[in-house]
Structures are given as C-alpha cells and as structure tokens.
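Encoded as structure tokens, the structure appears first; notes follow it.
The values are calculated or read from the model by the stated rules, or taken from the named source; none is laboratory data. Treat the numbers as computed from the prediction; the structure is a model and nothing was measured. Here Cβ is always computed from backbone atoms with ideal geometry, including for glycine, and neighbour counts include all displayed protein chains. Accessible surface areas use protein heavy atoms only, side chains included; no ligands, DNA or RNA. Shrake-Rupley method; radii C 1.70, N 1.55, O 1.52, S 1.80 Å.
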Amino acid sequence: MSEVAEQESNGQAEGDELYRIRHSLAHVLAMAVQELRPGAKLGFGPPIDDGFYYDFVLPEPLSDRDFAEIENRMRRILKRNIKFEHEELPLDQAYARIDEMGEPYKREYAQELAETQSLDTLGFYRSGDFVDLCRGPHVESTNKIPRDGFKLRSIAGAYWRGDSDNIQMTRIYAWAYPSKDELDQHVAEFKRALEHDHKKLGRELDIFVIDDMVGPGLPLWLPNGTVIREELEKLAKELEFRAGYQRVATPVIARTALYYKSGHLPYYAEHMYPFMELTEEGAEDEERVSEEYVLRPMNCPHHHRIYAARPRSYRDLPMRLAEYGNDYRYEDHGALSGLLRVRGMTMNDAHIYCTEEQIKDEFIAVIRMHQQVYEILGLADFYMRFSTWDPETEKGREKYIDEPEMWEKTQQLVRQAMDQTGVPYVEGRGEAAFYGPKIDVQFRTVTGREETASTNQLDFGQPERMGLVYQGADNQEHRPYVIHRAPLGTHERFTAFLIEHYGGAFPTWLAPVQVRVLTVSDRFADYARSVVSHLREDGVRAELGSSDETLGKLIRQAATEKIPNVLVIGEREVEDETVTLRRHGQREQETMAADEFRARVREAIATRAQSLR
C-alpha cells in the first residue's frame, strides 16, 4: 500500500508529520465509511498533495450529502484516542488475515506486491477493531490528529488500479492540514481556483456546449471556441512547417481490417464506437458484399498507409507527416468531463518515419517543439513522464510486444535524448504504449487532478505489423522507426487547460474578440466604425459595442466577457484621432494615437505576446 501512497503524495517524505496525519486520516475515513456502510470493501487510501483519499466498493451509494455525517463519525473516532499499531505477518498468515477481513481487493494487491517485490512478510496497521494492509507510517494515536484540520472535499468514480477493465469504485477525497487556519486558507484558494474551471468559463464565455441531442462527450464548438481552435492550429502549422513537416488529410472512418493489422484490435475494441457492417449488392450472379467499418480512434494506421503508398528510400527519411485529425473514442460515460474527457476529439498529430541513427535528433527536436509551444503559451506548471514497459505484471505481458531487446534499445535511446535536452522527467514503469516507450506531458487541472496534455511515443512495433520498409544505402530493405507526437494534444483537452490557465482572459492573439470599441455617445459612432474598419483590415478581430446601453454597463460587460482590449471613444478622441485603451484586469487607462494602437496590437498578435507592449 505504501508504494501507492508514495506515488500519490508526489515525493512528500514518509517521515514528515503531515504525511503521517494524512495517511492516518485515510484510515479514519475508512473506519467511518465502514460504520456508515457496513460491508464496504476497501481499495487504496493514500496521502496526496493536499490531503488524502480512499476508494470503496459500497453496498449502497454515498454522496456529498453524507459528508457531514462521515466527518462527525471521523471526529468521534479521533476523540477515542485509538492507537495505530503495526504488525508484520508471514505471507501465509497475512493472506489468511486478509481473507478473514473479507477484503478481496487488498488480497489481490497483497499477492502481487509479495510476488513482484519478493517479500517474505506483509505489514498491517490496527486501529481498534479496524485493520488495514499497510506499511505506514502513521501517527502514534488518533489524538495526535487535529480534529478541525480536515474536510471532505468531493466524491468521484475511480477504477480499481486505474484500469477501466476493473470495477469502478467510489473515491472520497479530503483536505487535511495541520491547523484549521491552514485548512481554511487552502479551501478558500480552491474555491477561487474553481472560478477558473473550464466547464464554468466555457459556458459563460460561449466557447463550447455539450448537447444531449448530439450526444455526451461530443462538444459543439461555438464561434468563440472555434477562434481558439483555429489560432492553436495556426500555431502548430507554422511550427511544423518550419520543422519540415508535410501535411496530409485522411478520413475518419476505415475498415476494421486496418486496425486488426495495426494491432489496435481487438485490444482497443472497448474504446471504439460500434462497428458498422455495410452490405452491397454484388454484380449479376455474384454474392452480396459485406464490409465492416469503424470510426477511427487514432490516426496512425492511416498515416502508415500513406507511408506505404509508394516505395521509400533512406533518402526520403526522416519523413514527417502531420494532420489535425478527427478521432472518436467511446469513453465511459462516468469518465466524461467537459473538454477534458470527450468522445470526439481533434488531435495535433504527426508521425516521423526515421532510421535508428536519426531517432535521437528527431526526438530531441520534438521535445524542443514542446518547449517552444509551452513558452509561447506561458505554461510552466507541468512535468514530463518517461513511460516504460513492465513485463512483470500479467497485463503487461498481454499488452506489450514481446521483444525485450527492442524495448531496452528504444528506452535507452529515449532516455539519452531526454538527458541531452536537459528537461527534467520522472519515470513511470508500466505506462508505455503497447508498441514502444513514450514521454507524457502531465498537467494539473484547477481541481488538482493530473491529466496528460500531450504524448510522444517511439514505435518499433507498428512498422513491422504494417509492413513498412525503406531501401537503405546498401540496397537492402530495412524497417523504419516511427515517432508519434502531439505537442498540442487535442483541441479539446488543450483548450480546457488554457481556459483554466488564463481564467478565460486570453492574451490578445488568442482571444476570440481582440478589441471592442465603445463610444461615449452615438455622435462618435462614425469615428468608432472607422477605427474598427482599420483594425479589421489588419486582420484584428475587432467589433463595435452596442449603443443601446450606458458606457458604464458596456465596460462592465466587456470585463465579464474578458475582452483583452477595450477602446473608449469620446469627443477628445475624435478631435485628436486617438483612442483610450482599457486593458482587461488593469485599472490604468492609456490614451494614444489610433495608428499607434494599430501598430501595437498588430505586433502583439504577430509575436503571440502575452501582453500588449
């Protein structure tokens, strides 16, 4: 259990007192839930960065309406001054203990832990009548835990072991801090962060909607959201053009045979939309023809067929094929969340076909492109995870291509490339794609949930399955390697991150409306229209505000809509051919020549600056 806790707490030291408090509170939560829902089965319950959580399989559902009762039970448990007592048992006794406890998920994990780590004993912690499989550490007793330093936060679904093949458990999150003051401060910050939630802002700023008649997980992009999509796509295309990518376009549907050939089927079938069987009448005296098609969940097999469309030479490599491709994945309904988790997505996809000698330089160039994108967007709160194979687990043996030498070679190449970039990374064993190691870029949402924003994979399996070859300088056939990369991820997920990062107040170049012009009176409308016209001639998304409301109300409305630049025009501005600029979030206003503003806004857009200079 502690191995999971270490991962979830992102390096927080086990000996740290706050770690012990949070870990102990997770046990207290489990005790309270099992009192309230007798027969509840336990999953994992680790400390995390701002508190803890515990996963349960419940005989009857719980909701946040039950939080007050659970918290009261937890505080009563704390008052009882129950000791946390550690015990180590030989494996046979440990297994018997867990069976007596009636905890099948603990039993599964205990056996795997003992086998993979060659353990002779397993640790337990007892707190009164409650016993949990756990290495610790914990506080000495419950009276060492502040009674007013924790608060239940939320409830969510979570698959056992993070695997959608397994049962979905109920996860209860909680905050925990050393004092009530620190807890209150964190809760207040969390509530402020929720004001940046992309679902809330997406609705308020008319960026996207999810329509029941269209279907869950299938976002409709409104005009404002479409502007953001197109600006991101424009950025990607510019960077890719400079880096020597060639653009392609492929259909969103294909025969299922393509995915059996690539190896995605049958293993990916549960995440694909139902297959479509199409039957056509045959020619005279011929049988009817039946074919099976499916909406694609990824673009790579299509790109591989483009590579295979004609003979390739080593002189053609590296070949970089790029496409903003539309994909469809049948995610579980409970996992859908705004733009973060969807069923229809548009991916900033590309595949680089290269020789072994070219891998390192190409991979480094891909990481550099990531850095460039994130610098332009002002993103810094992320880390990179080097996801490797793990053939030790049963699922790993089923999932991964069984070529240990190729795994070691490709992982070493990726590791060398990452080390050469100097970009920090952590390793995630067992997180690789089935065909090769990968680098995942991990972000945290405003609610603290970690999500993968983009991924880069080194593929040695697909070229063989798809029959991809090139003629080398020795006139012999060779297999290329493939690098799958998507610095901007999908439009959906990346836009969600950006909405939350900027709080909806996008920099001028990315803002749906870049300039709104307001007048003090209708008498100045002609000049205002000319300002708008000149800006639009420059390609600026400028518009004239309504004349039906007071200036004060229009300024407040622009602030609510987070328009980055509001120009106010009155008598003096008309006489002097100037504009008065009000920047979003700034109290100071600045009057300047209309041509000067045009030049400044053009520069901000052209350079994708974070602010108007």
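A few notes on this one:
- Close pairs from the range 480-496: first in a helix (DSSP H, G or I) and open to solvent by 10 Å² or more (accessible area, probe 1.4 Å), partner modelled with pLDDT under 95 and of a type outside the set (D, E, K, R), Cβ under 6 Å, at least 6 apart: 493/340
- Residue among 371, 412 that is within 25 Å of residue 494 (Cβ to Cβ), assigned to a helix (DSSP H, G or I) and either modelled with pLDDT under 95 or out of contact with any strand residue (DSSP E or B) (no Cβ under 9 Å at 6 or more places or on another chain) (or both): 371
- Residue pairs whose Cβ atoms lie under 7 Å apart, sitting 6 or more positions apart in sequence or on different chains, and linking a residue in the range 231-251 that is touching a residue at least 40 places away in the same chain (Cβ under 8 Å) to a partner that is in a helix (DSSP H, G or I) and of a type in the set (S, T, N, Q), are 239/372.
- Answer from 58, 89, 78 - the residue that is under 17 Å from residue 175 (Cβ atoms), open to solvent by less than 60 Å² (accessible area, probe 1.4 Å) and modelled with pLDDT of 95 or more: 78
- Unmet criterion (only one of (1) buried (at least 18 other Cβ atoms within 10 Å of the Cβ); (2) touching an Asp or Glu at 6+ places or on another chain (Cβ under 9 Å); (3) charged (D, E, K, R)) for residue 573: (2)
- Inter-residue pairs, beta-carbon under 7 Å, first without any contact (Cβ under 8 Å) to a residue 40 or more places away in the chain and in the range 147-172, second outside any loop (DSSP other than H, G, I, E, B) and of a type in the set (Lys, Arg), 6+ apart: 148/180; 156/171
- Residue match in the range 327-334 (condition: in contact with a strand residue (DSSP E or B) (Cβ under 6 Å, 6 or more places away or on another chain), open to solvent by 30 Å² or more (accessible area, probe 1.4 Å), in a helix (DSSP H, G or I) and of a type outside the set (S, T, N, Q)): yes
- Filtering the range 276-292 to residues that are open to solvent by less than 80 Å² (accessible area, probe 1.4 Å), modelled with pLDDT under 90 and either among the hydrophobic types (A, V, I, L, M, F, W, C) or farther than 21 Å from residue 254 by Cβ (or both) leaves 282, 283, 289.
- Subset of the range 577-598 [open to solvent by 80 Å² or more (accessible area, probe 1.4 Å), in a loop (DSSP other than H, G, I, E, B) and either closer than 18 Å to residue 541 by Cα or touching a strand residue (DSSP E or B) at 6+ places or on another chain (Cβ under 7 Å) (or both)]: 577
Let's see how each residue does on (1) of a type outside the set (Ser, Thr, Tyr); (2) under 21 Å from residue 589 (Cα atoms); (3) not in a loop (DSSP other than H, G, I, E, B):
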position: 512; (1), (2), (3): yes, no, no
position: 516; (1), (2), (3): yes, yes, yes
position: 523; (1), (2), (3): yes, no, yes
position: 528; (1), (2), (3): yes, yes, yes
position: 533; (1), (2), (3): no, no, yes
position: 536; (1), (2), (3): yes, no, yes
position: 539; (1), (2), (3): yes, no, no
position: 547; (1), (2), (3): no, no, no
position: 555; (1), (2), (3): yes, yes, yes
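- Within the range 22-51, being of a type in the set (Lys, Arg) and either surrounded by 21 or more Cβ atoms within 10 Å (Cβ to Cβ) or touching a helix residue (DSSP H, G or I) at 6+ places or on another chain (Cβ under 7 Å) (or both) holds for 22, 41.
- For residue 398, the criteria (1) open to solvent by 70 Å² or more (accessible area, probe 1.4 Å); (2) under 25 Å from residue 268 (Cβ atoms); (3) at pLDDT 85 or above hold in every case but one, which is (3).
- For the range 92-114, the set of residues classified as over 19 Å from residue 169 (Cα atoms), within 32 Å of the chain's Cα centre (by Cα) and open to solvent by less than 70 Å² (accessible area, probe 1.4 Å) consists of 112, 113, listed by residue number.
- Pairs with Cβ under 8 Å, 6+ apart, first in the range 304-330 and under 14 Å from residue 258 (Cβ atoms) and among the aromatic types (Phe, Trp, Tyr), second at pLDDT 95 or above and open to solvent by less than 60 Å² (accessible area, probe 1.4 Å): 307/319; 307/321; 307/351; 307/353; 307/468; 307/480
- Considering 514, 462, the condition of being open to solvent by less than 20 Å² (accessible area, probe 1.4 Å) and in contact with a Gly (Cβ under 8 Å, 6 or more places away or on another chain) is satisfied by 462 alone.
- Inspection of the range 456-463 identifies no residue that is out of contact with any Leu (no Cβ under 6 Å at 6 or more places or on another chain), under 24 Å from residue 157 (Cα atoms), part of a helix (DSSP H, G or I) and in contact (Cβ under 8 Å) with a residue 24 or more places away in the chain.
Condition check ((1) modelled with pLDDT of 95 or more; (2) basic (Lys, Arg); (3) more than 30 Å from residue 563 (Cβ to Cβ)) across all residues:
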{"site": "169", "(1), (2), (3)": "yes, no, yes"}
{"site": "186", "(1), (2), (3)": "no, no, yes"}
{"site": "197", "(1), (2), (3)": "no, no, no"}
{"site": "203", "(1), (2), (3)": "yes, yes, no"}
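- Hits in the range 219-246 - residues which are outside any helix (DSSP H, G or I) and either out of contact with any Phe, Trp or Tyr (no Cβ under 9 Å at 6 or more places or on another chain) or open to solvent by 40 Å² or more (accessible area, probe 1.4 Å) (or both): 220, 221, 222, 243, 244, 245, 246
Residues are listed down the side, and each one gets a yes or a no for (1) under 28 Å from residue 483 (Cα atoms); (2) open to solvent by 50 Å² or more (accessible area, probe 1.4 Å); (3) outside any strand (DSSP E or B):
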{"position": "274", "(1), (2), (3)": "no, yes, yes"}
{"position": "294", "(1), (2), (3)": "yes, no, no"}
{"position": "297", "(1), (2), (3)": "yes, no, yes"}
{"position": "303", "(1), (2), (3)": "yes, no, yes"}
{"position": "309", "(1), (2), (3)": "yes, yes, yes"}
{"position": "323", "(1), (2), (3)": "yes, no, no"}
{"position": "346", "(1), (2), (3)": "yes, no, no"}
{"position": "351", "(1), (2), (3)": "yes, no, no"}
{"position": "358", "(1), (2), (3)": "yes, no, yes"}
